[in-house]
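Report on the structure given below.
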Amino acid sequence: MSDKSFKRPSIANRDGLILYCNQYSYFCHKVLQALHVKGIPFEKYEIDVTNDEHFSEWFLELNPRAELPVLQNGLLIVPGSSRILDYLEENFPKSKSLRMPNDADKQVLGFRKTIESLPIGVLTIGSFLHPRHTGSPKFPFILPVRQTIIARESTLAERLRTYAANYPAFGEGLSKKADFHERKRGIIASEEYFCKLLDALDEFLSNVEQYLATIENVERNWLCGTDAFTIVDICLGTLLYRLYVLGLEDRFWGADRKRPQLERYFAKVCQQPSFQEVLPSKVSILRTVWINMPPVYKAGLAAVSSVLISSTLLKR
Ligand SMILES: N[C@@H](CCC(=O)N[C@@H](CS)C(=O)NCC(=O)O)C(=O)O
């Protein structure tokens, strides 16, 4: 249970679009990208997930599922990345469209569905628990932070039961979520399951590779075969970025130029201004690393820095 108590932020009383999100969340990245590509003005409220703000009473009133992202438009609340993406398409027709054309290849429509059904949480925590299957993870998912995330994950069901008791109006949902997390912990701990998940991803990415090879003028065109960047590109780009951050890029496309089309596609996605816009800044990554570093590492770092500072001072 977090010591911090959270009150409903004043931003929640404002008109206009407000996105409740977290800068490291896979699902929030998709929505943030869509908002940037479409050029829709919005305000962002960063949920402090490290201190369980998504389990606070004010957030549960917004989304009893306690999940991010949530979009608020006046009195209307839209939870869930997929629903938000569709809501933006339907309700902001004047802004740049991300809609996949009606005659889009069935295979491409299937790509969106498959990506949306992937257990990203299991993949992420599984990669921390079974590191011999990954290469080098990128910031902020370095070892000390991974340890903190694993430790928080191991107490999640217990914390959820405490919140369920404290907030009876949301008790049933939170207890169900606790049961779900308990079941999920067993799955995440299984190396066999993790390997199966990686194999399934391998198969899926091979299909994507083959499909990409059929697109004409790949320098210009996106997944739907034209120069229009659409929702399915947001989905695939976000997935590839998560695989990269977890240190899985060599397994899936980097090593021996295994999947050159995918590699080229990922490089193209990374160059998109909307993509770069939503990545956390270096300063906020360092801040996150520091906040999530276990005290023993902080003490070690403080000792090293004080030696460095004093030796620098002595030289003067
Ligand atoms: N299906 C939802 C999943 C959202 C989701 O799982 N969000 C994560 C953050 S990336 C979350 O809120 N996790 C907290 C939890 O489930 O306890 C979506 O597409 O938005």
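No value in this document is a laboratory result; all are computed from the given coordinates. A quick note: this is a predicted structure, and the numbers were derived from the prediction, not measured. A quick note on method: Cβ atoms are made from the backbone with ideal geometry, for glycine too, and the neighbour counts reach across all protein chains shown.
What the table below lists for this structure:
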quantity: Scan of region 98-115 for residues that are in contact (Cβ under 8 Å) with a residue 60 or more places away in the chain and either more than 30 Å from LYS38 (Cα to Cα) or assigned to a loop (DSSP other than H, G, I, E, B) (or both), ordered by number; calculated: LEU98, ARG99, MET100, PRO101, ALA104, ASP105
quantity: In region 126-139, the residues that are under 13 Å from LEU248 (Cα atoms) and not polar (S, T, N, Q); calculated: GLY126, PHE128, HIS130, PRO131, ARG132, HIS133, GLY135, PRO137, LYS138
quantity: All positions within region 68-92 that are more than 16 Å from the ligand (Cβ to nearest atom), surrounded by 15 or more Cβ atoms within 10 Å (Cβ to Cβ) and in a helix (DSSP H, G or I); calculated: none
quantity: Qualifying residue in region 2-20 (condition: of a type outside the set (Gly, Ala, Ser), in contact with a strand residue (DSSP E or B) (Cβ under 9 Å, 6 or more places away or on another chain), within 15 Å of the ligand (Cβ to nearest atom) and part of a helix (DSSP H, G or I)); calculated: no
quantity: Residue satisfying all of: in region 44-67; touching a residue at least 60 places away in the same chain (Cβ under 8 Å) and in contact with a Phe, Trp or Tyr (Cβ under 9 Å, 6 or more places away or on another chain); farthest from the ligand (Cβ to nearest atom) among these; calculated: GLU57
quantity: Boolean, VAL31 is within 12 Å of the ligand (Cβ to nearest atom), surrounded by 13 or more Cβ atoms within 10 Å (Cβ to Cβ) and touching a residue at least 12 places away in the same chain (Cβ under 8 Å); calculated: yes
quantity: Those residues of region 152-163 which are in contact with a helix residue (DSSP H, G or I) (Cβ under 7 Å, 6 or more places away or on another chain) and more than 13 Å from the ligand (Cβ to nearest atom), in sequence order; calculated: ARG161
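Here's the yes/no breakdown for (1) without any contact (Cβ under 8 Å) to a residue 24 or more places away in the chain; (2) surrounded by 18 or more Cβ atoms within 10 Å (Cβ to Cβ):
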residue	(1), (2)
SER117	yes, no
LEU123	no, yes
PRO137	no, yes
ILE150	no, no
